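Right, I'll just put the structure down here and ask away after.
Values in this text are rule-based calculations from the coordinates and carry no lab data. Note that the coordinates shown come from a computational prediction; the quantities given were computed from them, not determined experimentally.
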Amino acid sequence: MKKIFFLSFSIFMLLFLSACGPTYFLNEKLEKNPPKVVIILPPDNQTSNTEVEEKLYPILYDILSNRGYYCVSPELARMVFNANKLNEAGRIHEIPPNKFREIFAADAILKTRVTDWSVSYVVISSSITVTLEMELFDSKSGELLWSMTRTLQQSSGSANAGLIGSLISAAISTATFEYEPIAEDNTAFMFKTIPEGPYYDKW
């Protein structure tokens, strides 16, 4: 009986972990010849939160740069886009890849779509959720080099504090919770699936 239970439990956990684990696509070309210069496009915000680009854009830049890639700074990229009256991330994402190669001398283009950037409140707990969809394209051929989607959620609230205490704790957490640490953790996890760039540990 114990063996049957253990086997059933093991199968269940295997299926559970398989279902929950994030998957990604990695083109062998990225491993053999990683790009030197990457242009990170402004995040395409699909949520109602208006602060997404302001908070996420520098996070993407810092973490990908630390992976060993020379990244065009968000300030420079935004200056060029604004000068050409490209103020919406969705429109920028539709620009042909070779244009980014021509203007920024970029070897690759990183596109990010944010589909969840929210705080939810459920009785005695609150949670913040950040879902990112990322794609890396070759700027010369337009070929997909890497892609990944991942959701990270962090909850707060204490079941041992009593109903009133938990309600107060959850309300305070909802009001003071910061998105940046969750976005940083999610981004860092995702970028670890990308091979180290040519400048890794060289600056």
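Starting from 0.36 nm per residue, how many nanometres of slack lie between Glu75 and Thr115 once their C-alpha separation is accounted for?
12.0 nm
What list of ³J(HN,Hα) values in whole Hz, one per residue of region 57-65 in order, does the Karplus curve 6.51 cos²θ - 1.76 cosθ + 1.60 (θ = phi - 60°) give from phi, with Gly and Pro shown as x?
Each residue's phi maps through the Karplus curve to give 3, x, 5, 4, 4, 4, 6, 5, 4 Hz.
Taking a threshold of 30 Å on the Cα-Cα distance, which of the pairs Lys85/Lys192; Lys55/Lys85; Lys32/Lys85; Lys85/Lys111 fall above it?
Check vs 30 Å cut-off fails for Lys85/Lys192; Lys32/Lys85.
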